[in-house]
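What follows is a short report on a single structure.
The values are calculated or read from the model by the stated rules, or taken from the named source; none is laboratory data. Since this is a predicted model, take the numbers as computed values, not measurements. When we count neighbours, we look across all protein chains shown, and the Cβ atoms used for this are built from the backbone with ideal geometry, even at glycine.
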Amino acid sequence: MMKPRHFISLLDLSSDEFRALIQRAIALKNTRDPDFQPLKGQVLAMIFEKSSTRTRISFETGMTHFGGSSIFLSPRDTQLGRGEPISDSAKVISSMVDGIMLRTNDHVTVTEFAKHSSVPVINGLTDLLHPCQLLADMQTYFEHRGDIRGKTVTWIGDGNNMCHSYINAAIRLDFNLNVASPEGYLPDADIVKSAGERVQLFNSPLDAAKDSDLIVTDVWASMGQEEEQKQRERAFKNFQVTQELMNHAKADALFMHCLPAHRGEEVTADVIDGQQSVIFDEAENRLHAQKALLELLMCA
Ligand code: CP
Ligand code: NVA
């Protein structure tokens with residue numbers, strides 16, 4: 001069996017491939033040709049252990065645009081939810097479909113699934129990484145400001161799956177990443193270390209934001225952490241993206257958030273709904289960037 005190509009982490013792409021994928025996404029966005037159906041007859045299975053608006057709709061629409069189709073599976077719908085081994089499920093599902101996207105609680109579920117899958121596996125978010133979101137975020141930055149190489153990005157808040165994927169993007173696209181997180185909520189030390197000089201940790205959000213080209217944040221409590229909400233509200237109260245914080249960044253700095261957002265918690269309404277925010281381009285670009293990804297993985 002030929003080993004399929006998976007997309008579990010941004011590090012599965014080379015720097016050149018990442019840049020080419022962004023350009024391809026921009027081209028697909030600007031020249032939508034209904035007759036271009038490179039995945040005609042192909043099927044993507046989408047396994048969701050957690051909720052989703054953007055990820056589900058963008059993959060499903062992308063497959064339809066490309067002439068293929070998709071199957072949405074929640075844990076209630078499959079034997080995976082009743083304890084069928086991941087390895088058996090991966091062998092069976094991959095024997096019938098052409099690609100599989102998974103959104104799971106544990107990162108290891110996706111890596112284990114990929115090990116036994118005969119078709120490409122795409123990480124649609126785990127507790128560790130959210131690489132598909134970074135394809136869209138980077139496309140959005142390139143569209144608004146050009147190449148991100150050498151720029152400074154500041155991550156404010158939880159050292160979570162999104163933060164880890166920003167670190168991987170900094171490695172591949174060669175930008176500087178400042179991270180300001182409260183004590184106890186820092187990103188994974190090994191992932192930080194893997195980026196070397198490119199990632200700097202800060203205690204003060206205002207210091208981190210200074211002269212940045214892009215400010216990014218995410219919810220204080222991710223999916224699966226709902227019970228920690230109150231405790232996290234206390235820990236993160238000084239880690240809100242406000243207009244004052246944006247004023248420490250460059251005058252033309254952009255603001256991004258993967259959504260869903262909680263206005264008044266991680267970001268004030270005036271920032272997320274203001275001039276510097278590009279959140280809706282970012283959300284739309286999930287569709288275009290993932291079409292470029294599907295083409296790369298499934299048209300090979
Ligand atoms: N940003 C993102 O992944 O959104 P969904 O949870 O709605 O898919
Ligand atoms: N960090 C968030 C991202 C949601 C798209 C979560 O994991 O819930």
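Quick notes on this structure:
- Filtered residues of region 53-93 (kept if surrounded by 15 or more Cβ atoms within 10 Å (Cβ to Cβ) and on the phi > 0 side of the Ramachandran plot): Gly67
- Considering residues of region 224-256 that are among the aliphatic types (A, V, I, L, M) and away from ligand 2 (no atom under 16 Å from the Cβ) only, the residue nearest to Asp127 (Cα to Cα): Leu254
- Residues in region 145-185 that are out of contact with any strand residue (DSSP E or B) (no Cβ under 6 Å at 6 or more places or on another chain), in contact (Cβ under 8 Å) with a residue 60 or more places away in the chain and closer than 23 Å to Glu244 by Cα: Arg145, Lys151, Asp158.
- Some residue of region 96-111 being within 14 Å of the chain's Cα centre (by Cα) and part of a helix (DSSP H, G or I): yes
- Set side by side, the residues Thr154, Thr126 differ, and just one is more than 8 Å from the chain's Cα centre (by Cα), within 26 Å of Lys237 (Cα to Cα) and within 13 Å of ligand 1 (Cβ to nearest atom), which is Thr126.
- In the set Glu227, Glu244, Glu266, Glu197, only one residue is free of Cβ contacts under 8 Å to residues at least 60 places away in the same chain, within 17 Å of Trp155 (Cβ to Cβ) and either of a type in the set (Asp, Glu) or within 16 Å of ligand 1 (Cβ to nearest atom) (or both); that residue is Glu197.
- Count of residues meeting criterion [among the small types (Gly, Ala, Ser), more than 13 Å from Ala169 (Cβ to Cβ) and surrounded by 14 or more Cβ atoms within 10 Å (Cβ to Cβ)] in region 190-220: 3
- Single residue of Gly124, Gly68 found to be over 23 Å from Asp218 (Cα atoms) and of a type outside the set (Lys, Arg): Gly68
- Summed over region 13-46, the residues that are without any contact (Cβ under 8 Å) to a residue 60 or more places away in the chain, charged (D, E, K, R) and not in a loop (DSSP other than H, G, I, E, B) give a count of 1.
- Any hit, region 244-257, residues being in contact with a His (Cβ under 9 Å, 6 or more places away or on another chain) and surrounded by 16 or more Cβ atoms within 10 Å (Cβ to Cβ): yes
- The set of residues in region 121-156 being buried (at least 24 other Cβ atoms within 10 Å of the Cβ), more than 15 Å from His257 (Cα to Cα) and either polar (S, T, N, Q) or more than 16 Å from ligand 2 (Cβ to nearest atom) (or both) consists of Val121, Asn123, Thr126.
- Residue that is of a type in the set (D, E, K, R) and touching a residue at least 40 places away in the same chain (Cβ under 8 Å), where the choices are Arg103, Arg76, Arg56: Arg103
- Evaluation of Ile215 against the conditions (1) out of contact with any Gly (no Cβ under 9 Å at 6 or more places or on another chain); (2) within 16 Å of ligand 2 (Cβ to nearest atom); (3) part of a strand (DSSP E or B) shows that the sole unmet condition is (2).
- Extreme residue, modelled with the highest pLDDT, among residues of region 60-86 that are over 25 Å from the mean Cα position of the chain (by Cα) and assigned to a helix (DSSP H, G or I): Gln79
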